[in-house]
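Presented below is the structure to which this report refers.
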Amino acid sequence: MEALTLLLHGFAVLITWKTLSLMMVGLLLGVFVGVLPGLGGPNGVAILLPLTFTMDPTAAIVMLSCIYWGALFGGAITSILFNIPGEAWSVATTFDGYPMAQQGKAAEALTAAFTSSFIGSLVAVLLITFLAPGIAAFALRFGPPEFFAVYFLTFCSFVGLGREAKHKTIISMTLGLLLAAVGMDTVSGQLRMTFGFDALLRGVNFLVAVIGLFGISEILLTMEERLALRGHAASIRLRVVLKVWKEMPRYWATLLRSSAIGCWLGITPGGAIAASFMGYNLAKRFAKDPSTFGTGRIEGVFAPETAAHASGTSALLPMLALRIPGSGTAAVLLGGLMVWGLNPGPLLFVEHKDFVWAVIASMYLGNIVGLVIVLTTVPIFASILRVPFAAVAPMIIVSCAIGAYAIQNAMFDVWLMLLFGVAGYVFKKIGVPLAPFTLALVLGNRSEDAFRLSMIGASGDLRVFWSNGLVGSISTLALILLFWPLIARIFEGAGRLLRPAKT
Amino acid sequence: MTDVEPDESEDRSPPVTTTGKVETVVYVLLIAPSLVLGYDNVRSGAGWEKDGPQSGYLPFYLCVILGGAALFGLVSVCVKRADGAKTFVTRDQFRRVMQVFVPTFLFCVAMEWLGLYVASFLLIAGFMRFVGRIAWWKSLLTGFIFSLAMFLTFELAFDVLMPKGPIEALFGR
């Protein structure tokens with residue numbers, strides 16, 4: 001019940017004209033970012049971050065998270081109308097969304113996509129409302145060893161459960177951790193890996209890396225593939241919206257299933273992309289007539305969109321409560337919070353109660369306002385896509401440069417961004433995943449501090465990570481996940497050996 | 001590592017290079033810094049003191065892991081040659097990528113001397129005109145409006161200062 005009172009208080013903080021208008025601006029910018037190829041959730045938020053430097057933290061985070069909701073909504077527009085996913089998490093939406101548009105049912109598909117996004121994130125926000133305070137309170141008992149174990153668990157789950165080749169995930173992660181270590185060592189104050197360059201004293205900024213890896217490289221990829229934007233016009237009438245909403249309850253099982261998948265994959269670092277595909281595939285498997293999927297079934301839009309949005313939203317839960325971002329964009333938001341001197345994590349729920357609950361309240365409000373905005377402004381955003389890419393590309397590049405420069409007022413960062421752009425392009429093409437890199441870059445210093453603090457506390461005894469039940473089980477789970485592919489193979493082998501014996 | 005692809009050599013068949021070759025280059029490029037950084041960390045102390053690791057300890061072992069993984073990748077690319085034969089970029093694709101990379105590079109150079117706003121005007125107008133083949137007046141106008149809008153938003157409305165050059169100086173900014 002306490003959560004509800006606090007939540008109401010959060011709403012009270014929010015409902016001012018200034019915050020509400022910032023919310024609208026954020027949502028519109030977000031949809032814009034989501035619609036344009038080459039700009040996505042993580043780098044869109046990173047680029048627009050400097051805009052919020054002069055605001056107070058609550059207004060700033062509300063605007064930034066609204067950009068995120070907007071981007072989640074926006075990705076669906078291009079998928080359905082143009083068969084081009086504006087975001088990776090809306091790839092699965094093209095399977096049935098675009099055929100629907102071809103059959104002249106674009107408005108239905110869009111309404112379905114937006115509404116199911118809304119439902120997905122609503123479920124996730126409810127989860128955050130009732131779960132996050134508990135998790136944070138629990139995590140208050142954490143000391144450095146526990147925190148290190150949790151970070152370690154995150155890293156291990158990426159390596160063990162990722163679908164990419166293991167050595168590529170490891171390369172991406174160690175590279176991120178190494179770059180995070182560049183600069184001043186926070187424990188001893190010693191300089192590391194700077195080679196006498198002053199520019200490297202501050203280390204490699206995480207946001208600069210994100211802008212380069214996801215912004216510049218995406219532009220290079222888009223140019224390479226030469227997008228031809230030919231799409232369907234769309235405007236949504238109220239009658240269609242009501243019709244789709246009336247049909248919706250019939251698909252409650254799909255919606256519920258996708259929400260659950262999304263929440264789960266959002267909290268564990270699986271991400272919206274995996275969630276949307278899984279949501280789609282499961283809906284297909286459970287359907288009576290799986291063969292009709294891909295021909296323009298409304299269920300094929302409901303399933304991935306609900307999952308993607310649920311996962312995108314619930315990714316903020318571990319970010320707020322444990323300081324572990326569940327997705328790339330959550331990582332950028334985390335970076336933003338740190339710029340204002342707010343340290344997410346269990347203490348945030350105690351020290352900045354107002355702030356936390358205002359953010360959670362803004363998730364409710366942002367999604368409701370977002371739904372209304374996207375339903376009414378679809379034609380405008382669809383027409384943006386008819387602007388030639390040759391005009392859009394340089395503007396995105398300029399925005400990236402502004403974002404990269406503004407973070408620390410350093411020209412060096414602009415060059416770094418360019419370097420990361422090229423690296424991101426090459427990495428994407430040879431299948432080195434970028435998510436572990438960003439995660440490592442943002443968590444690197446933290447986890448090293450946690451490790452060394454626990455070492456100091458235990459005078460260099462590694463057994464501290466198994467010193468009590470809690471930290472011991474987290475560490476053990478981390479190791480199990482790290483070697484999961486091996487363990488799974490052993491079990492399979494053992495199963496095969498046992499089975500003939502039984503029969 | 002701006003150019004991982006070998007230089008565009010004479011008129012050959014479409015593929016510029018294969019994934020396997022690029023992977024090889026990337027792995028070699030990764031092994032090099034892992035050696036250099038590893039050495040630097042040994043210098044700053046990669047040992048284990050009484051109360052835990054020295055400051056170079058973790059980065060040193062990260063270098064070892066990175067180097068190891070890259071070496072593993074290198075070996076596996078060499079062993080499985082067939083997998084690496086996929087085209088990385090075709091000539092056409094490479095040309096288009098360069099069409100956007102080179103202007104971006106020049107834009108960054110121009111940003112150092114002319115400031116962000118003039119550079120972005122040049123980039124947008126130039127890119128629209130020469131890459132997009134859009135009419136001159138449209139290109140110039142779009143570039144001007146966009147740069148002006150950025151100036152108004154960042155410099156005036158939000159107090160985010162960008163690098164400026166001689167032209168802004170003329171207006172006393």
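Of note:
- Burial ordering of A:Ile219, A:Ile480, fewest other beta-carbon atoms within 10 Å first: A:Ile480, A:Ile219
- At R0 = 51 Å, FRET efficiency that the Cβ-Cβ distance of B:Phe105 and A:Thr16 yields, to 0.05: 0.70
- Shown here is the pair-distance distribution of chain A: with all Cα-Cα distances grouped in 10 Å bins from zero up to the longest one, the shares run 4, 19, 30, 27, 14, 5, 1, 0 percent.
- Among the lysines of region A:2-492, pairs at least eight places apart or on separate chains and with Cα atoms under 17 Å apart come to 6.
- If only the Cβ of Lys and Arg carry +1 and only the Cβ of Asp and Glu carry -1, the dipole of the protein assembly as shown around its Cα centre is close to 1880 debye.
- Long-range HN-HN contacts of B:Thr18 with modeled amide H, under 5 Å: B:Phe88
- Those residues of region A:123-145 whose amide nitrogen sits under 19 Å from the label point placed on A:Leu477, 7 Å along Cα→Cβ: A:127-128, A:130-145
- Considering all C-alpha pairs of region A:408-503, those separated by over 17 Å amount to 75%.
- Leading residue at positive end of dipole, region B:15-85 (Cβ point charges), from B:Gly38, B:Leu71, B:Thr17: B:Thr17
- Each residue of region A:352-369 was assigned a 3J(HN,Hα) from its phi angle through the Karplus curve 6.51 cos²θ - 1.76 cosθ + 1.60 (θ = phi - 60°); the sequence is 10, 3, 3, 4, 4, 6, 5, 5, 5, 4, 5, 5, 5, 5, x, 6, 5, 4 Hz, with glycine and proline shown as x.
- Database remark: amide H of B:Ile134 closer than 5 angstrom to the amide H of B:Arg129 (H placed geometrically; neighbours at sequence offset of 5 or more, or on other chains; Pro and chain starts carry no H).
- Of the two radii for region B:91-170, the radius of gyration is 1.03 times the Kirkwood radius, both from the alpha carbons; that is the Rg over Rh value.
- Region A:249-262 - phi-based ³J(HN,Hα) in whole Hz, Karplus 6.51/-1.76/1.60, Gly and Pro as x: x, 4, 9, 4, 5, 4, 4, 5, 4, 5, 4, 4, 4, x
- Sorting A:Ser327, B:Ser76, A:Ser217 from the fewest to the most surrounding beta carbons within 10 angstrom yields B:Ser76, A:Ser217, A:Ser327.
- Equivalent ellipsoid of chain B: semi-axes from √(5λ) of the C-alpha gyration tensor, largest first, are 42, 30, 11 Å.
- B:Tyr61, A:Tyr251, A:Tyr405, A:Tyr280 arranged by Cβ crowding within 10 Å, fewest neighbours leading: B:Tyr61, A:Tyr251, A:Tyr405, A:Tyr280
- Crossing angle, helix B:57-79 versus chain B [Cα axis fit, 0-90 degrees, rounded to tens]: 90
- Residues whose placed amide H lies under 5 Å from that of A:Asp185, excluding near-sequence neighbours: A:Gln190, A:Leu191, A:Arg192
Values quoted throughout were computed directly from the atomic coordinates according to the rules given, and no laboratory measurement underlies them. The structure displayed is predicted, hence computed values, not measured ones. We place every Cβ from the backbone using ideal geometry, glycine too, and count neighbours over all the protein chains shown.
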